[in-house]
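Structure first, commentary second.
The values are calculated or read from the model by the stated rules, or taken from the named source; none is laboratory data. These numbers were taken from a predicted model, which means no experiment stands behind them. Note: ideal-geometry Cβ built from the backbone for every residue, glycine included; neighbour counts use all protein chains shown.
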Amino acid sequence: MLRRSFLKTIPAISLLSSCNHAAANRIRLALNWKPDPQFGGFYAANYKTHGLDVDILPGGAGTPTIQMVGAGSAEFGIVSADELVVARSRGNDVVALFAVFQNNPQGIMAHSARKLNNLGEVMKGGTLAIQKGLPYARLLEKQYGFDKVKVVPSPGGDITAFLSDPNFAQQCFVMSEPLTARHKGADVVVFPVSEIGYNPYTTVLTTSGDFLRKNANAVGKMVASVREGWLGYLNDPGPTNQKMNQLNPSMSAASFAEVAEAQKPLIQTAVPLGSMTKDRWATLIKQLKEVGDIQTTPPAEECFRWL
């Protein structure tokens, strides 16, 4: 399902240096994971109605999407907001255009039988499986401390240890591991990391500043296509799920439908679909500076362009 690398900074690779940008109407969209519901609107979009010929490039664990966009080997890419801030702080001129997930899907999953009420209580005992290098993990440790909980490495999407230990909690995507655990008969509760104020946009359509400046019309058409695609997918995900299932048969048709439904509250909120604000970018930049992920702070207004 969703990629297991929440925030992975990969050194730029010389091989990513592309030749020249493709013609403005010939577009490459690089995903950061395999085809699944988090990309539904991108697969549902009818780009040709806006005069665009779009190739969607599936990704996987470690796909250097943001470097590909910055280097021009893909005109557009899907990244997370925290990745983009880190990249800009290091000189990669990448710009966010459309944020699919308004509420971040990352969370901590625990057994309901523990009767925990918040993330702070998760830190008071038992075992916590988490990737300590994540920004939100460091924020959790800073806010609550890890002295009362046994911290072990994250098992990724594997929930074997969780199912066998009632005092085990682990990082998760709210529409991934919890659904799997419930199918296995577990009664779970999920605390989103946004509970501590860490709520970066995810599944963010991004382009390079250079491509935006030289191809503003094509960028506008791309964003319009994506917005229409997401509206259509949220209304009726079935046909697009079938298409993505053919591209990613490792995920069952039933799982496509279930995840598509589970992610809707994270996408459809009180704000316009895909929108972003300067305040949220500024908050994220401040948080990443506090945990040491960035040394210089890029201006919030330069991180995104709301079209």
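What the table shows:
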| read-out | value |
| --- | --- |
| Within the stretch 105-129, tally of residues that are touching a Phe, Trp or Tyr at 6+ places or on another chain (Cβ under 7 Å) and part of a loop (DSSP other than H, G, I, E, B) | 4 |
| The stretch 283-307, subset in a helix (DSSP H, G or I) and over 21 Å from Ser208 (Cβ atoms), residue modelled with the lowest pLDDT | Glu290 |
| Every residue from the stretch 198-218 that is closer than 12 Å to Asp93 by Cβ and surrounded by fewer than 23 Cβ atoms within 10 Å (Cβ to Cβ) | Gly209, Asp210, Leu212, Arg213 |
| Leu231 farther than 15 Å from Asp36 by Cβ, not charged (D, E, K, R) and not in a loop (DSSP other than H, G, I, E, B) | yes |
| Among residues of the stretch 130-139, those that are touching a helix residue (DSSP H, G or I) at 6+ places or on another chain (Cβ under 8 Å) and part of a helix (DSSP H, G or I), counted | 3 |
| Cβ-Cβ under 7 Å pairs, at least 6 apart or on other chains, the stretch 222-247 side under 19 Å from Lys48 (Cβ atoms) and touching a residue at least 12 places away in the same chain (Cβ under 8 Å), far side of a type in the set (D, E, K, R) and buried (at least 22 other Cβ atoms within 10 Å of the Cβ) | Met244/Asp36 |
| Residue that is β-branched (Val, Ile, Thr), more than 13 Å from Ala44 (Cα to Cα) and either within 20 Å of the chain's Cα centre (by Cα) or not in a helix (DSSP H, G or I) (or both), where the choices are Thr240, Thr207 | Thr207 |
| Residue match in the stretch 49-61 (condition: farther than 23 Å from Phe256 by Cα, among the small types (Gly, Ala, Ser) and part of a loop (DSSP other than H, G, I, E, B)) | yes |
| Selection count, the stretch 19-33, where residues are within 27 Å of Glu261 (Cβ to Cβ) and either modelled with pLDDT of 95 or more or not in a loop (DSSP other than H, G, I, E, B) (or both) | 3 |
| Given (1) in contact with a Leu (Cβ under 7 Å, 6 or more places away or on another chain); (2) surrounded by fewer than 24 Cβ atoms within 10 Å (Cβ to Cβ); (3) not in a strand (DSSP E or B), index of the condition Leu97 fails | (3) |
| Checking Lys142 against (1) buried (at least 21 other Cβ atoms within 10 Å of the Cβ); (2) outside any strand (DSSP E or B); (3) not acidic (Asp, Glu), the condition it does not meet | (1) |
| Failed item, numbered, when Gln171 is tested on (1) modelled with pLDDT of 95 or more; (2) surrounded by fewer than 16 Cβ atoms within 10 Å (Cβ to Cβ); (3) touching a Ser or Thr at 6+ places or on another chain (Cβ under 8 Å); (4) within 22 Å of Pro265 (Cα to Cα) | (2) |
| Inter-residue pairs, beta-carbon under 8 Å, first free of Cβ contacts under 8 Å to residues at least 24 places away in the same chain and within 12 Å of Ala30 (Cα to Cα) and in the stretch 42-65, second assigned to a strand (DSSP E or B) and basic (Lys, Arg), 6+ apart | none |
| Filtered residues of the stretch 219-255 (kept if buried (at least 19 other Cβ atoms within 10 Å of the Cβ) and in contact with an Asp or Glu (Cβ under 7 Å, 6 or more places away or on another chain)) | Met244 |
| Qualifying positions in the stretch 115-136 - in contact with a strand residue (DSSP E or B) (Cβ under 8 Å, 6 or more places away or on another chain) and surrounded by 15 or more Cβ atoms within 10 Å (Cβ to Cβ) | Leu116, Leu119, Val122, Gly126, Thr127, Leu128, Ala129, Ile130, Gln131, Leu134, Tyr136 |
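Residues are listed down the side, and each one gets a yes or a no for (1) touching a Cys at 6+ places or on another chain (Cβ under 9 Å); (2) among the hydrophobic types (A, V, I, L, M, F, W, C); (3) surrounded by fewer than 22 Cβ atoms within 10 Å (Cβ to Cβ):
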{"residue": "Gly41", "(1), (2), (3)": "no, no, no"}
{"residue": "Ala45", "(1), (2), (3)": "no, yes, no"}
{"residue": "Lys48", "(1), (2), (3)": "no, no, yes"}
{"residue": "Asp55", "(1), (2), (3)": "no, no, yes"}
{"residue": "Pro58", "(1), (2), (3)": "no, no, yes"}
{"residue": "Ala61", "(1), (2), (3)": "no, yes, yes"}
{"residue": "Met68", "(1), (2), (3)": "no, yes, no"}
{"residue": "Ala74", "(1), (2), (3)": "no, yes, no"}
{"residue": "Gly77", "(1), (2), (3)": "no, no, no"}
